[in-house]
1. Residues that are at pLDDT 90 or above and touching a Gly at 6+ places or on another chain (Cβ under 9 Å): which helices (runs of 4 or more DSSP H) entirely in segment 165-267 hold 2 or more of them?
2. Can you tell me which residue in segment 268-298 is most open to solvent (accessible area, probe 1.4 Å), limited to those that are of a type in the set (A, V, I, L, M, F, W, C) and in a loop (DSSP other than H, G, I, E, B)?
3. Quick one: in segment 143-164, of everything that is free of Cβ contacts under 8 Å to residues at least 12 places away in the same chain and either touching a helix residue (DSSP H, G or I) at 6+ places or on another chain (Cβ under 7 Å) or in a helix (DSSP H, G or I) (or both), which residue is farthest from residue 80 (Cα to Cα)?
4. Give segment 156-170 a look and list any residue that's among the aromatic types (Phe, Trp, Tyr) and either touching a Lys or Arg at 6+ places or on another chain (Cβ under 8 Å) or more than 13 Å from residue 100 (Cβ to Cβ) (or both), or say none.
5. Among the residues of segment 299-314, is there at least one that is assigned to a loop (DSSP other than H, G, I, E, B) and open to solvent by 10 Å² or more (accessible area, probe 1.4 Å)?
6. Could you tell me whether any residue of segment 91-105 is buried (at least 21 other Cβ atoms within 10 Å of the Cβ), touching a residue at least 40 places away in the same chain (Cβ under 8 Å) and touching a Lys or Arg at 6+ places or on another chain (Cβ under 7 Å)?
7. Return a yes/no flag: does segment 169-178 have any residue that is loosely packed, with under 13 Cβ neighbours inside 10 Å and over 24 Å from residue 76 (Cβ atoms).
8. Restricting to segment 121-158, what's the tally of residues that are at pLDDT 90 or above, open to solvent by less than 60 Å² (accessible area, probe 1.4 Å) and over 14 Å from residue 79 (Cβ atoms)?
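The values are calculated or read from the model by the stated rules, or taken from the named source; none is laboratory data. Quick caveat: nothing in here was measured; it's all calculated off a predicted structure. Here the Cβ is made from the backbone with ideal geometry for all residues, glycine too, and neighbour counts use every protein chain on show. All accessible areas refer to the heavy atoms of the entire protein, side chains included, with ligands and DNA or RNA removed. Shrake-Rupley method; radii C 1.70, N 1.55, O 1.52, S 1.80 Å.
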Amino acid sequence: MRNILSDRQLNFLAAANVLVLAAGMAFAGANFITLYNFQSMSAQVPELGLLALGVMLAMISGNGGIDLSGIALANLAGVLSYLLVRHWVSVDDAPLLFVWAFAAVALLAGLAGGMLNGFLIAHAGLTPIIATLGTQMFFTGIAVVLTNGSAISIGYIEPLDDFGNSPVLGLPLCFSLFLAVALLLGIVLRFCPFGLRLYLMGSNAKAARYAGIALKKMLFLIYTASGVLAGIAGIVIAARTSSVKWDYGSSYVLIAILIVVMAGVRPDGGYGRIVCVVLSATALQMLASLFNFLNISNFFRDCAWGLLLLLFLAVSRVDIRSWLASRT
């Protein structure tokens, strides 16, 4: 309990959630705190949360690590899955089998895309931001060709729609999946050798190399895992919207980075906590919902996300205690 109370980042994010909730009650009224609105907000968190977890893994690895291709890969996974699976399984005759096949192909597509990123960064030696920017355009281009630039309606498939929108014990299934993935990643990072190697590599790559850590293998695994998370996000997006689209979530790259930076993940690597990313994602989702209640323009929303990102990046580079000490 003492450690929790002394954790400034965790306390800040918990307070941010409470403040946004209080602001919602003050400006939007009682409708903001209804069960339906909470379920609606929690159903929207997994899309961004899963992409943010992928960005977090890449950023912890250090050396300017980042994954800009997440939403493009998620969209491609959804498009590819639907176009393939509809020829293999009849939706009308076996809807549940269709959903499982859809999920399997989406995960394989995310795995393949993540492996491509990992190969380019770990073995070809490309800078992460350049490599993932290139694959982002590559994934988007494939999705555009496959769909002719149009959205494809999946239609109502009961098991898929239930996964994306129906609550069980008050929580949407997709949000429960997000929490399960976050918990699994948290356990891996905290208790498994992989997590120790990742944090050491992000803190001091030279020391990690001398410690015998295979840096190329680690980078490959990190970006592969990020691709799998993007594949899961593609399944959630298709389930929630009942459609697949090549340009869905055009601002998600910016927001995923904002979630990670707001969660206290160091842009130069070596530090990051899953629980903080989850709290950061929920705070931003509640803020986005508040903007919807207040009928605030999407253009202003994107401007607000950009300003918040710049603010948190600036704060992360400043040691407040050292600055105060120098002043006194």
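1. By residue number, 173-191, 193-203, 215-241, 252-262.
2. The initial filter retains those residues of segment 268-298 that are of a type in the set (A, V, I, L, M, F, W, C), namely 274-279, 281, 283-284, 286-288, 290-291, 293-294, 296.
Subset that is in a loop (DSSP other than H, G, I, E, B): 294, 296.
Numbers: 294: 72, 296: 45 Å².
Restricting to residues being of a type in the set (A, V, I, L, M, F, W, C) and in a loop (DSSP other than H, G, I, E, B), the top hit is 294.
3. 162
4. Passing the criteria: only 156.
5. Looking through segment 299-314, none of the residues is assigned to a loop (DSSP other than H, G, I, E, B) and open to solvent by 10 Å² or more (accessible area, probe 1.4 Å).
6. From segment 91-105, those buried (at least 21 other Cβ atoms within 10 Å of the Cβ) are 98-99, 102-103, 105; that's our starting set.
Right, trim to touching a residue at least 40 places away in the same chain (Cβ under 8 Å) and you get 98-99, 102-103.
Next cut, touching a Lys or Arg at 6+ places or on another chain (Cβ under 7 Å) only: none.
Scanning segment 91-105 turns up no residue that is buried (at least 21 other Cβ atoms within 10 Å of the Cβ), touching a residue at least 40 places away in the same chain (Cβ under 8 Å) and touching a Lys or Arg at 6+ places or on another chain (Cβ under 7 Å).
7. Yes, there is a match, as at least one residue in segment 169-178 is loosely packed, with under 13 Cβ neighbours inside 10 Å and over 24 Å from residue 76 (Cβ atoms).
8. Summing the residues that are at pLDDT 90 or above, open to solvent by less than 60 Å² (accessible area, probe 1.4 Å) and over 14 Å from residue 79 (Cβ atoms) in segment 121-158 gives 9.
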